[in-house]
Each structure stands twice: as structure tokens, then as C-alpha cells.
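*Asks:* After the C-alpha cells below, expect a handful of questions from me.
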Amino acid sequence: MVETNGTLGETVVRVCTGSARLTAARALLTAAREEATSVSVVEVGPVGIGELDPLVLVTADGTTAYHSAPNEDDVRELVRRVEDDDVSADEADAVVEHQSDQRTLPLPETGPLAVGKRRVLRRAGWSPPETLGTGESGDVKLATEAVRTDPDAADRRVRETGLLGRGRGDGSTDTAVVDEWDRARETHASTGSDPVVVVNANESDTRNETDRLLLESVPTEIIDGALAVAELVVAEDVICYGNESDSLARDRLEVAADSLTEHLDPPNRPQVVSGPDCYVAGEMTMALESMEGSDRLEARLRPPTPAQHGLYGRPTVIHTPRTLAQIRELLLRPASFDADDADPGTRLVTVSGDVTAPATVELATSGSLSSIREAVSLTGSLKMACVGGQFGGLTRTLEHPPSAPALVGAGLGTGGAVELFGDSRCAVALAGTRARFAEDENCGRCVPCREGSVQLTTLLRNVYRGTYDDDAIRELTRVMRTTSTCEFGRGAARPVTTALDEFETEFYAHADGRCPSGECEEM
């Protein structure tokens, strides 16, 4: 058996392992290692395309063959053949020619991996998760070291670009990240309280695999981004807050923290902690409540923001892995960002719903959401999409740029998840399901969300009983959207309001006792 870190230029068998189908992938890894005598067998992270899982990449002489979902006997045969420099191209799903010292995932010209622009995902599925980032020449290249070399230039780069935060758990969701950095610095200067950087990776919504993919594939890059932010806001502590059910991501973060601590020698080793597997625990202030050990998680009033009064009263900068990946990319490769863009960088999007398997893709913010159709196999024809996750907005078309300003302007969500639904799905039922989730899962702190979600569910149930009160529903959702304490209550109204706007005739039909899609006949 030969086992190495997969030195570039070697003949290598890469087995992609992620939380999806982990047992099957680990069995393939074991089989490959048992069979290998002269080739390297390397465990790498997932590429994010569910239809390919578990995925095995076979590389020899500047050629990589993609083999999706092989069994253990298949993998043993692949290993035997690649030891004779045969990548089994005839049996492969895709074959890519590339440089012998390729340092990023070589992408096929067609298929789901050809969708979008893999920038922050460039090493996902190619390098072992514990590998430190490398430059074009193969040397270790870290954002933290770039900040240490010239912190003023690094801060200016982020400031001038106007990079926005990504994800519902970020302290700067869809706003400039430097605003919270400035508040943290000001609080530190006025109070003397030491800042802390929190990586908020607790996402329980299974529709959204974006942050989990980054943690399982490139955890060193996420911690490097967090340590770079810590340098910029003069924080000595970095805490990675994940979901208690994400054991693989947690394990890989621990290894990455050790590796970066040894290489960078930060003031303190980044900590890895876990919070409960529930939706509200990912909201940024409830994440702080969880880390402080609160028995009951409730949203905190704002202002003050976490940068002014956060974890244990300290100025706290909170970013999701997606945001940190963009910050790191900007610090190391500024040429890939256009400061004239309203939403510079790329956006990660998980596509799910009525599809064969979910996929996570990386899209240029100047592109179109419609390209995600090429990453998945949809069951039936597309009727509608829910853009934004649990509390996303419903739309009939995907012809929207994936940038935050464009999605917000269209009344859609920016959470990084898109669900595709076929003709058999009912918009009224979907809106009702999301309203009921809000009723069941809200933290209970503010009246507009706590009571509003109950009333909203009741009004939607009344539609099935023959009463559709459009004015009452719209007024209630307006109050929830404008007066709730946190994004949970504000976002909970979105599925209903967009369903009314796009599918109002279906509400009238249900009030008349008919479901046009047939999904609600039993109701």
C-alpha cells in the first residue's frame, strides 16, 4: 500500500469523501489503498456535485479521468490499470488533459462541473483538505501572511472593492464587510475590549450545502481567511462555530487549525466548537447565545451590533465560510474582482428540490441563475423555483443575476440555495409549509415573528377552508417583514408574499376547493 499527500505530478488516485455518502466513499478509499502498490491514493474533499458521488479521480501523465459512483471492485481495477499508466478513459464519465503539475481541479468542458466559475472551489476535490494553499509556483500562499506583510494595503483592497458578506449567519449579510470591521476597531479603541473573530458555520438547512462543502474540501482556506480578518481587526482569538451533526467538517477544521497554527504561529490556536442542530442556532446573535451556553436561544436586539457588543460583551466580527473564502480570494487574487460590480466576487449556490441529486456551484455575480439547470437533472418540467433557502422567494423564472442587489430587487432571497420544483408542486402548499416552519421554530422573543407566524399560518389554512383574504395576508407579512427583531421573522414572510405575487390564481382556486397542481387533493 502506498499512501502520500499526493505530490503534484505523480500518478494519483483521488477518492472524494464528504458527508454525503461518506460510508460508501470511505469503503472505496480502503479498497484503493489495499490494492495500490506503486501509486498514491489520496483522500480529498467533495466537489459538490451529488450526481457524481462517490467520485474517484484517476490521474496519470497529465490526464485525469472522472469515475462516478464505482463499486469497490471497480476501484480495485482502476488502481491496477493506472499502475500501468492507464486511467481507464473508455469507462470514465469525463477525461481532462492538463499540465502535469496541475494544482487545481481540472474541469471538463461539459457537464455539471463546467457550470459557473470555480474560484474559491478551485481546489475542492483535488487537494487533501489539510493541504495549505499554494500559489502558481507551488509555494505556500496564505492570506494571513499577505495581511502581515502590508495590513494597510490589504484593508484598502477590501474597502475599495466593497466586498459583501454572504449567508444568513454573517454579521454583514449583503452589506460591506468593512463596516463591521470598523465598528469592532472603534469599540476596541474606546473600551479596550479585545475583538474576536467567529466563523459561523452552523447551517442546519439541508437545502444549503455551500458552507459545509467549503469546510469539508478546503478548511485550511477558511481558517486562513479568518486569521487574516483577525489580523486586520487586531483580534487574537478565532472561534469556528459549527453544527453538532457535522462531525466530518469539525474533524477537518481541527486538523486545519493545527496545520495553520504550526505554520503561522497566531497568538492563539483557532478553536472549534459546536452548536445545536436547529435552524435558529445559525442566526448570528443566536450563535453567540449558543457559544455562551444559553439554555434558550433568543435573537438579540440590534443595535448594538455584535461588532459593538458580541461574544461575552467583546467586539465580535462574524463571518460565514463563504464570506471568508471571498475575503481570502480577494487578498490573494485581487485581479479576479471588479470593484465596479455591485456584488464583487462569486456566489456559491446549492441547487436542490425535484432533482436527481443536489449540486453546489459557484456563479459569477454578473451571470444568470439559469445556468444552474445544467448542474442537475430536474424531474419533469420547471414550474417554479424557491430562491434563498428556507425563507426564499418563489419565482417562475431563473433569469436573474445571482448578485445580492439583483435578488433583493426581485424579492428573492440571497441565502445561497435554489430549489427547483416541477408541475406537480403547489405554490400554496409550499407557502403554507414555510409559514408553519416559522410558527414552530421561531425563538419567541419578538411579537411580530412569534404571533405573526401563527396568524399567517391560520390565514393560509383558511384558504383551504374557502376564505382567501389577500389584504390581511399582505398587511401581516408587511408588519413581520418591517418590525421583526432578526432576519428569521423578516424572511419568514418572503415565501408567502412571492407566492401571492407569482401564483395568486392558485390561491383563488384553493379557496374554491381546487388545487391546479393536484398536490393538495387529499387536503
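*Asks:* At R0 = 35 Å, how high is the FRET efficiency between Arg80 and Asp277 if r is their beta carbon distance? Nearest 0.05 is fine.
*Replies:* Between Arg80 and Asp277 the formula returns 0.25.
*Asks:* Using a 1.4 Å probe on the protein heavy atoms only, what accessible surface does His98 show? Give it in Å² to the nearest 10.
*Replies:* 40
*Asks:* How much of the DSSP bridge set in the chain is antiparallel, in percent, rounded to the nearest 5?
*Replies:* In the chain, approximately 55 percent of DSSP beta bridges are antiparallel ones.
*Asks:* Sequence gap at least 6, Cα distance under 8 Å: using those rules, report the relative contact order of the range 168-264 to the nearest whole percent.
*Replies:* 33
*Asks:* Using Cα pairs under 8 angstrom and six or more residues apart, how large is the relative contact order of the chain, in percent?
*Replies:* 13
*Asks:* Helix 470-483 against the longest principal axis of the chain: what's the angle in degrees, Cα atoms only, rounded to the nearest 10?
*Replies:* Rounded to the nearest ten degrees, it is 60.
*Asks:* I'd like the orientation of helix 219-232 relative to the chain: the angle between its Cα long axis and the longest Cα principal axis, in ° from 0 to 90, rounded to 10.
*Replies:* That works out to roughly 70 degrees.
*Asks:* Heavy atoms of the protein only, probe of 1.4 Å, neighbouring chains included. What is the accessible area of Thr104 in Å², nearest 10?
*Replies:* 40
*Asks:* Given the rule -39500 (n - 2.57) for each run of at least 4 DSSP H residues, summed and divided by the residues of the chain, what is its mean residue ellipticity at 222 nm, to the nearest 500 deg cm²/dmol?
*Replies:* -11500 deg cm²/dmol
*Asks:* Still on this structure, I have one more. Under a point-charge model restricted to the Cβ atoms of Lys and Arg (+1) and Asp and Glu (-1), what is the dipole moment magnitude of the chain relative to its Cα centre, in debye to the nearest 20?
*Replies:* Dipole magnitude for the chain comes out near 1520 debye.
*Asks:* Using alpha carbon centroids, what distance separates the range 210-241 and the range 364-391, in Å?
*Replies:* Going from one Cα centre to the other spans 29 Å.
*Asks:* Checking the a/c ratio against 1.5 first, then a/b against b/c, what shape does the Cα gyration tensor give for the range 28-147?
*Replies:* Since a/c reaches 1.5 and a/b is larger than b/c, the shape of the range 28-147 is classed as prolate.
*Asks:* Still on this structure, I have one more. Give the ranking of Tyr508, Tyr468 by solvent-accessible surface, highest area first, calculated with a 1.4 Å probe.
*Replies:* So the residues, ranked largest to smallest area, are Tyr508, Tyr468.
*Asks:* Taking GluC sites (Glu not before Pro) as exposed when DSSP calls them loop (any state but H, G, I, E, B) and at most 13 other Cβ atoms lie within 10 Å, what is the longest stretch of the chain free of them, the sites themselves excluded?
*Replies:* That would be 400-520.
*Asks:* Taking a Cβ-Cβ separation under 4.7 Å as the criterion for a possible partner, which cysteines of the chain have none?
*Replies:* Singleton cysteines: Cys16, Cys240, Cys278, Cys386, Cys426, Cys443, Cys446, Cys449, Cys486.
*Asks:* Right, something else. Looking at Ser290, Ala124, Leu378, which one has the Cα that reaches farthest to the positive end of the dipole of the chain (charges on Cβ: Lys, Arg +1; Asp, Glu -1)?
*Replies:* Highest projection toward the positive end goes to Ser290.
*Asks:* Say each of Ala114 and Ala27 gets a label point 7 Å from the Cα, pointing the same way as Cα to Cβ; how far apart are those two points in nm?
*Replies:* It works out to 3.2 nm between the two label points.
*Asks:* On a 0 to 90 degree scale, rounded to 10, what angle separates helix 247-264 from the longest Cα axis of the chain?
*Replies:* Computed tilt is about 60 degrees.
*Asks:* Now, a different point. If I model a spin label as a point 7 Å beyond the Cα along the Cα-Cβ vector, how far apart are those points for Ser247 and Asp471 in nm?
*Replies:* If labels sit at Ser247 and Asp471, their model points lie 5.7 nm apart.
*Asks:* Using r as the Cβ-Cβ distance of Glu34 and Glu254, and R0 as 35 Å, what FRET efficiency do you calculate, to the nearest 0.05?
*Replies:* 0.85
*Asks:* Could you give the spread of the C-alpha atoms of the range 363-493 along their three principal axes, from largest to smallest, in whole angstroms?
*Replies:* That gives 41, 32, 25 Å along the principal axes, largest extent first.
*Asks:* Using only the heavy atoms of the protein chains and a 1.4 Å probe, how would Thr175, Thr360 rank by accessible area, largest first?
*Replies:* The ranking, largest first, comes out as Thr175, Thr360.
*Asks:* Oh, and also: Say R0 is 35 Å: what FRET efficiency, to the nearest 0.05, do Leu382 and Val454 get from their beta-carbon distance?
*Replies:* That pair, Leu382 with Val454, gives E of 0.60.
*Asks:* Using a 1.4 Å probe, how large is the accessible area of Asp152, given in Å² and rounded to the nearest 10?
*Replies:* 110
*Asks:* Before anything else, pin down the relative contact order of the range 401-490: Cα pairs under 8 Å, at least 6 apart, normalised by residue count, whole percent.
*Replies:* It rounds to 23 percent for the range 401-490.
*Asks:* Counting only the backbone N, which residues of the range 402-425 are under 17 Å from the spot 7 Å out from the Cα of Glu374 toward its beta-carbon?
*Replies:* Residues 402 qualify, since their backbone N sits under 17 Å from the label point.
*Asks:* Among Ala429, Ala31, Gly48, pick out the residue whose Cα is farthest towards the positive end of the charge dipole of the chain, where Lys and Arg carry +1 and Asp and Glu carry -1 on C-beta, about the Cα centre.
*Replies:* Comparing the listed Cα positions along the dipole, Ala429 ranks first.
The values are calculated or read from the model by the stated rules, or taken from the named source; none is laboratory data. Predicted model, so just to flag it, every value in this text is computed and none were measured. Positions of Cβ are backbone-derived with ideal geometry, glycine not excepted, and every protein chain shown enters the neighbour counts. Keep in mind that these areas ignore ligands, DNA and RNA; they rest on the heavy atoms of the full protein, side chains included. Shrake-Rupley method; radii C 1.70, N 1.55, O 1.52, S 1.80 Å.
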